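S.K.: Let me give you the structure first, and then I'll get to my questions.
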There are 2 protein chains.
Amino acid sequence: MRRVTLLDSTLRDGAQGEGVSFSVSDKVNIALALDELGVDFIEAGNPGSNPKDLEFFREAEKLELRHAKLVAFGSTRKKNMAAADDPGLASLVSAGTDTVVIFGKSWDFHVERILGVSLEENLAMISDTVSYLTGLGKRVIYDAEHFFDGYAAHPDYAMTTIRAAAGAGAECLVLCDTNGGSLPSRINECTAMVTSEFSVPVGIHAHNDSGLAVANSLTAVEAGAAHVQGTLAGFGERCGNANLSTIIADLKLKMEMDCLMPESLQRLSGITRAVAEIANVTFDEGMPFVGLHAFAHKAGMHVDAITKDPVSFEHVPPSQVGNARRFLASEVGGRALVMDRVQRLEPGATKDSPLVITVVQKLKEMEAQGYQYEGAEASLELLMKKAAGKYRPFFELGHYRTIGEQPSTDHAHCATAMVKITVDGVSELSAAEGNGPVHALDRALRRALERFYPGLADMRLKDFKVRVIDSGGNTGARVRVLIESADQNMAWTTIGVSTDVIEASWIALVDSIEYKLISDIEHRYKAYL
Amino acid sequence: MRRVTLLDSTLRDGAQGEGVSFSVSDKVNIALALDELGVDFIEAGNPGSNPKDLEFFREAEKLELRHAKLVAFGSTRKKNMAAADDPGLASLVSAGTDTVVIFGKSWDFHVERILGVSLEENLAMISDTVSYLTGLGKRVIYDAEHFFDGYAAHPDYAMTTIRAAAGAGAECLVLCDTNGGSLPSRINECTAMVTSEFSVPVGIHAHNDSGLAVANSLTAVEAGAAHVQGTLAGFGERCGNANLSTIIADLKLKMEMDCLMPESLQRLSGITRAVAEIANVTFDEGMPFVGLHAFAHKAGMHVDAITKDPVSFEHVPPSQVGNARRFLASEVGGRALVMDRVQRLEPGATKDSPLVITVVQKLKEMEAQGYQYEGAEASLELLMKKAAGKYRPFFELGHYRTIGEQPSTDHAHCATAMVKITVDGVSELSAAEGNGPVHALDRALRRALERFYPGLADMRLKDFKVRVIDSGGNTGARVRVLIESADQNMAWTTIGVSTDVIEASWIALVDSIEYKLISDIEHRYKAYL
């Protein structure tokens, strides 16, 4: 089996996608997810053009990655300047990665018209930059920008540019279809030619402007490329970069190539979804292999045939990519899915146990309301405990009231909330201010509960996400709130759904607090045993 | 130039997509849009398996299509039955179309295991069905279901099935990658072989389960296919059918094939969007050629280069497919970016004009607060008008107050809002209820303003999005609200940012209303000139 290395550029090229922007902690979480999947390289930023990216590389020094290497991305040196004097390259080096990606121009039109340098100076910029970095002990992956367009215009010059990079010590020559306009036939021909000339590995970097990024990546591998660049969920400038989740599944399941770590393929769906979730980008459910619709069967004829033999309408078994079959018109979906979790609560449970039936029924109801428990496992666990009768409420809500006012003299306290709760017959009314109604409500609820449950003091909210569910909705549309909480031992996520963002937040907050209290009790119980 | 005929199956295979369902009037409107575009065939339903589809064909008899032919779709006759006795075929015929599409089995596994008939009987079913229909004067397009999987399993049998269809008078043999699992290399090889044996045109019908439907369709055309089936916006079972909008642009702009009518290509973006709009399916803005993001440039370097020459980062001119270039305002873009927009306000402005400097400065401030104007172009335009002194407020806010309460007896009215505004010295206080505080506030504000600006009555909110900006934030984190509004002429998007979701919504709402009022004035002014 041939080995193909993978570079994910979600954090760099993916951030060029419309509507995508990452905080430093988003970047950390995505890097951890990509490492979990087992990609070889994580291209994490361009410190030369975006100083904020350096902050991430500082933060990243603390990360312990199992397999993936973080790489910084930058361009060839500025014209008429020594590489050692170029501030962009200095920033790139200061990111502190062992490997760097350098992009340079292959298309004479870009060299002369856009960069405004001579064809010779461009070659010097490429070889100087690569030599300078290898001289510092860096390993260099060279991205030949616009290679295919450049080759179509002037093949000799395009080839000379990658010879300059290879001659200066680049360890991988990546042919880029930067504008996404090339057909597979051109990709195939050019890649075959380059792989026949060079002994260093050749890579492919495709964009999806013609709807061909996946095909172009695969055809390059067929023609000898051993390195593929893309973004896991297809984020990227314009129509996006080549979708790595699709490419990974095609390479492993259709072309018998070796990539990722063993067993990682089964995590493909979950990790791709996690990356989109962290980016807060709506997940494309029609995405091959990993989308919710990818193995969903609607036509009655298809459902019948699948029941006889799944091969009839499934090109690969969904479990191989961590996905699941769904029958849209029937009620059989879902039950197998919850078995695993139910058995943790009730070890002897089977598919027909009353608990399984109750949980499946309840899940269906909640999903119809807009709940989605992927990524909100603490709420799912509570739902199951409730279904199993292993739950008692920690408090009862009397009522809450929030008031928001503008203009306000003090922006940090523009909203107020009152909460009345009862614990074991004892009532507590509390009030708090906040910089918005959800904030005020959160503070008022904690204040009321801490009298009864002092352990809540070491719980804190890590993240708060809001998403509108109904597309084409208006200000009355339903929203889904996800709250991530943590204490010193663990982190957990809960969900709430409502047309009212305050109520949705309330539901998720209450789940979060109850999950914490239950965990504390279980923890103390185990310590007692 | 080779001619390639196109069959759009949005109304038949597209309706198998999750979340897609059409009323008869949706189907009529989509058929009209597809005819406007100039596809050759519109596959509009399967009257044999779905009696509701007959209703559409009755309705469709009144349609005057310029170019496209409606076709009905059905399967080969039932086993051990004369074609003339098959009720499914009777329904198909009663649809009254000149041309019909018949699908039959090419894969021996499906014949024996799923249909449960002998290989010989399957051949008889194919030829009987096609002969029967041609005998009635119908033209028959034959869809060879699972052809590529069938060919991989038993090439001789797969070839025999299409010989049966051709021998019985089918006018086109369509090779189907029904499960979407084939790689372009297999598609290419099989299609070339079939086109070399048969004199009737060969077609391709691809699904996107491996992310290769567009590539597979194009490679089939390269191998000699003269007919392509797909759905304009890529709707369809599981991951969808081959996306015809992408294929059309690739065929015409990259492969110099003749399809559609002359001039139709410029309507591609608009008509694809209209089909998604009628289907009420969220339009994928990253779609090649036709999406909002397809020609949007975000990286500063790309924006600079495009300004020098669009060829630098655009594989085709957006106007050719009826789309438009957009420069996204973002932290990575710079002063060049705003030039284009500023010049619309102040035609002589240069990079150093005070207005440009003011706008860039203001953008930086707003971005630091969490504003992001990509996709909120109406708010950006207002910001520029304010910077240029070409703005007066339409109303002043006295104050607003929102109250949310739980539990509530009436969920649709669990929140109330009061708004006091002043227009030209005249105050108006109004109140409204809603299913959340934002909803209530939106309604109260409109109610207050409509007295002064009755034109607001024809404005509606199309979409409402909320995103938490500071990740790692808590319930006091800042949120960004995007509101998309529309009237009968246009759609526009505005943005608001605050720690308070209600205030963020308020800001976006006010921008949205002001943008509408300014546009109305400009519109009237132009009409007056």
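Values quoted throughout were computed directly from the atomic coordinates according to the rules given, and no laboratory measurement underlies them. What you see is a predicted model; the values in this text were computed from it and never measured. Neighbour counts are summed over all protein chains in view; Cβ atoms, including those assigned to glycine, are modelled from backbone coordinates with ideal geometry.
S.K.: Put +1 on the Cβ of every Lys and Arg and -1 on every Asp and Glu Cβ in chain B; which of B:21, B:122, B:155 then has its Cα farthest towards the positive end of the dipole?
M.R.: It is B:21, whose Cα lies furthest towards the positive end.
S.K.: Can you classify segment A:14-93 as rounded, prolate or oblate using the Cα gyration tensor, where a ≥ b ≥ c are the square roots of its eigenvalues, rounded means a/c under 1.5, and otherwise it's prolate if a/b beats b/c and oblate if not? Provide the component values of the computation, followed by the final result.
M.R.: Working: a/c = 2.20, a/b = 1.72, b/c = 1.28.
Taking the square roots of the gyration eigenvalues as a ≥ b ≥ c, segment A:14-93 is prolate.
S.K.: Based on Cα coordinates alone, diagonalise the gyration tensor for segment B:395-452, multiply each eigenvalue by 5, take square roots, and list the semi-axes in whole Å, largest first.
M.R.: Output for segment B:395-452: semi-axes of 24, 10, 7 Å.
S.K.: Hey, can you grab everything whose amide H is under 5 Å from the amide H of residue A:297? Only 5+ residues off in sequence or another chain; H modelled, so Pro and N-termini drop out.
M.R.: Those qualifying (amide H under 5 Å, at least 5 residues apart or on another chain) are A:326, A:327, A:328.
S.K.: Let me ask something additional. Compute the acute angle (0 to 90°) between the alpha-carbon long axis of helix A:335-345 and the principal axis of greatest extent of the alpha-carbon atoms of chain A; round to the nearest 10°.
M.R.: 60
S.K.: A further question on this structure: For chain A, with the dipole built from +1 on Lys and Arg beta-carbon atoms and -1 on Asp and Glu ones, taken about the Cα centre, which of A:413, A:83, A:339 lies farthest toward the positive end?
M.R.: A:339
S.K.: Determine, for B:79, B:27, the number of other Cβ atoms within 10 Å of each Cβ, and report the residues in order from fewest to most.
M.R.: With the fewest neighbours first, B:79, B:27 line up as B:79, B:27.
S.K.: Right, here's the next one. If you put +1 on each Lys and Arg Cβ and -1 on each Asp and Glu Cβ, how big is the dipole of the protein assembly as shown around its Cα centre, in Debye rounded to 20?
M.R.: Details: 104 positive and 140 negative charges, 306 e Å.
The dipole of the protein assembly as shown has a size of about 1460 debye.
S.K.: Oh, and also: Between segment A:283-316 and segment A:201-227, how many Å separate their Cα centres?
M.R.: Each part's Cα centre sits 27 Å from the other's.
S.K.: Rounded to the nearest whole Å³, what is the per residue volume of the convex hull around the Cα atoms of the protein assembly as shown?
M.R.: Convex hull volume per residue, Cα atoms: 192 Å³.
S.K.: How far is it, in nm, from the label point at residue B:120 to the one at residue A:324 when both lie 7 Å from their Cα along the line to the Cβ?
M.R.: Modelled inter-label distance: 4.7 nm.
S.K.: So what's the gap between the Cα centers of segment B:1-39 and segment A:337-373, to the nearest angstrom?
M.R.: Using only Cα atoms, the two centres lie 39 Å from each other.
S.K.: Do you know the Lys pair count in segment B:5-279 for C-alpha distances under 18 Å, with sequence separation 8 or more or different chains?
M.R.: Count of close lysine pairs: 7.
S.K.: In whole Hz, what ³J(HN,Hα) sequence does segment B:509-526 give by Karplus (6.51, -1.76, 1.60; θ = phi - 60°), x for Gly and Pro?
M.R.: 5, 5, 4, 4, 5, 5, 4, 5, 5, 5, 4, 4, 5, 4, 4, 5, 4, 5
S.K.: Between residue B:172 and residues 5 or more places away or on another chain, which pairs have amide H atoms under 5 Å apart, with H built 1.01 Å from N, and which residues are they?
M.R.: B:142
S.K.: Along Cα-to-Cβ, 7 Å out, sits the label point; list in nm, shortest first, how far the one on residue B:526 is from those in the other copies.
M.R.: Those separations, rounded to one decimal, come out as 6.7 nm.
S.K.: How far is residue A:51 from itself in the other copies, in nm, if each label sits 7 Å out from Cα along the Cα-Cβ line, shortest first?
M.R.: 7.3
S.K.: Treat the count of other C-beta atoms within 10 Å as a stand-in for reagent exposure and order B:364, B:105, A:385 from fewest to most.
M.R.: Ascending Cβ contact count within 10 Å gives the list B:364, A:385, B:105.
S.K.: With θ set to phi - 60° and the Karplus curve 6.51 cos²θ - 1.76 cosθ + 1.60, what are the ³J(HN,Hα) couplings of segment B:96-102 in order, to the nearest whole Hz, using x for Gly and Pro?
M.R.: After applying 6.51 cos²θ - 1.76 cosθ + 1.60, I find x, 8, 5, 10, 10, 9, 10 Hz.
S.K.: Which value in deg cm²/dmol, rounded to the nearest 500, describes the helix-derived mean residue ellipticity at 222 nm for the protein assembly as shown, given -39,500 (n - 2.57) per DSSP H run of n ≥ 4 and division by the residue count?
M.R.: One gets -12000 deg cm²/dmol as the mean residue ellipticity at 222 nm.
S.K.: So which lysines can residue B:526 reach, going by Cα to Cα under 19 Å and dropping same-chain residues fewer than 8 places off?
M.R.: Within reach: B:385, B:390, B:516.
S.K.: Of B:176, A:414, A:239, how do they rank once you tally other Cβ atoms within 10 Å and put the fewest first? Kindly include the intermediate steps, with their values, before the conclusion.
M.R.: Details: B:176 22, A:414 25, A:239 28.
By the 10 Å Cβ count, ascending, the order reads B:176, A:414, A:239.
S.K.: Considering the options A:525, B:272, A:271, tell which one lies farthest towards the positive end of the dipole of the protein assembly as shown, charges being +1 on Lys and Arg and -1 on Asp and Glu at the Cβ, about the Cα centre.
M.R.: A:525
S.K.: Turning to a different aspect of this structure: Which whole-Hz couplings ³J(HN,Hα) result when phi for each residue of segment B:427-437 is put into the Karplus expression 6.51 cos²θ - 1.76 cosθ + 1.60, θ = phi - 60°, listed in order with x for Gly and Pro?
M.R.: 8, 9, 10, 9, 9, 7, 9, x, 8, x, x
S.K.: Suppose every K and R has +1 on its Cβ and every D and E has -1 on its Cβ; what is the size of the dipole of chain B about the Cα centre, in Debye to the nearest 20?
M.R.: Roughly 1340 debye, rounded to the nearest 20.
S.K.: What is the magnitude of the charge dipole of segment A:395-452 about its Cα centre, with +1 placed on the Cβ of each Lys and Arg, -1 on the Cβ of each Asp and Glu, and no other charges, expressed in debye to the nearest 20?
M.R.: Taking the Cα centre of segment A:395-452 as origin, the dipole is about 40 debye.
S.K.: Taking a label point 7 Å from Cα toward Cβ, how far is residue A:324 from its twins in the other copies, in nm, shortest first?
M.R.: Nearest first, the other copies' label points are 4.5 nm away.
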